[in-house]
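Taking it in order: structure first as structure tokens, then the write-up.
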Amino acid sequence: MTRGMLRRRHGVGTFVGAREQISGGLETLISITQWIENHGYRAGTQGTELMRRSLSATEQEVFQHWNISTVGEIHRVRTADGKPVLFSIDIIPDKFAPALADELDNSLLEYLEKQWGQVVIMARTTIDVTIATSEIATKL
């Protein structure tokens, strides 16, 4: 069964349009998991990769009050109903980063709250819409 919006074209007929794409604002801090689920899809994660590294110059500015020298960088493909919808890179203080990819199956915000008692109330987010590199295209 196909679900979507009905579109009528006078003199041509009525057609079922494609399912609505995931959309929404960034006014409220919610996890990608919650964002996907709010649109009626089952959220998932594929290909989680974890690494630890020194801070970049920009990150030194962002984390200047944390007194840290390393961050955890988390790369993952986020899915909606099993289909890839975005490639995510999360950067957090190293001490809060999971040791194993299995520890982070969905929401990073939920992980931080359950594992560390840290409720995230603010985050800096950058969204890039770009042509995928061959590495990211393979993952998606």
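The values are calculated or read from the model by the stated rules, or taken from the named source; none is laboratory data. None of the values given here were measured: they were computed from a predicted structure. Every residue, glycine among them, receives a Cβ derived from its backbone with ideal geometry; neighbour counts consider all protein chains shown. Protein only, heavy atoms only, side chains kept; ligands, DNA and RNA dropped before computing areas. Shrake-Rupley method; radii C 1.70, N 1.55, O 1.52, S 1.80 Å.
Observations
- Matching residues, the stretch 27-54, being more than 20 Å from Leu112 (Cα to Cα) and not charged (D, E, K, R): Asn38, His39, Gly40, Tyr41, Ser54
- Total residues in the stretch 65-75 satisfying the condition of being open to solvent by 10 Å² or more (accessible area, probe 1.4 Å) and either closer than 14 Å to Ile91 by Cα or β-branched (Val, Ile, Thr) (or both): the figure is 6.
- Of all residues in the stretch 90-138, those that are in contact with a Phe, Trp or Tyr (Cβ under 6 Å, 6 or more places away or on another chain) and farther than 19 Å from Val71 by Cβ total 1.
- Meets criteria (under 15 Å from Thr125 (Cβ atoms) and assigned to a strand (DSSP E or B)) for Ile89: yes
- Subset of the stretch 86-96 [within 9 Å of the chain's Cα centre (by Cα) and either surrounded by fewer than 16 Cβ atoms within 10 Å (Cβ to Cβ) or in contact (Cβ under 8 Å) with a residue 24 or more places away in the chain (or both)]: Leu86, Phe87, Ser88, Ile89
- Residue check for Asp81: among the charged types (D, E, K, R), at pLDDT 90 or above, under 15 Å from the mean Cα position of the chain (by Cα) and surrounded by fewer than 17 Cβ atoms within 10 Å (Cβ to Cβ): yes
- Residues satisfying the stated conditions in the stretch 75-107, i.e. among the charged types (D, E, K, R) and closer than 23 Å to Ser134 by Cβ: Arg76, Arg78, Lys83, Asp90
- Boolean, Ala57 is modelled with pLDDT under 90 and open to solvent by 70 Å² or more (accessible area, probe 1.4 Å): no
- Considering the conditions (1) surrounded by fewer than 16 Cβ atoms within 10 Å (Cβ to Cβ); (2) in contact (Cβ under 8 Å) with a residue 40 or more places away in the chain; (3) outside any strand (DSSP E or B), Asn106 is excluded by exactly one of them, (1).
- Taking the criterion of being open to solvent by less than 80 Å² (accessible area, probe 1.4 Å) and not β-branched (Val, Ile, Thr), the residues of the stretch 119-140 that qualify are Ala123, Ala132, Ala137, Lys139.
- The C-beta contact set for the stretch 49-72 (first residue in contact (Cβ under 8 Å) with a residue 60 or more places away in the chain, second residue surrounded by fewer than 11 Cβ atoms within 10 Å (Cβ to Cβ), distance under 9 angstrom, 6+ apart or interchain) comprises Val62/Arg124.
- Flag for Asn106 being under 21 Å from Gly117 (Cα atoms) and modelled with pLDDT under 90: yes
- Yes/no for Gln46 being open to solvent by 40 Å² or more (accessible area, probe 1.4 Å), more than 19 Å from the chain's Cα centre (by Cα) and of a type in the set (S, T, N, Q): no
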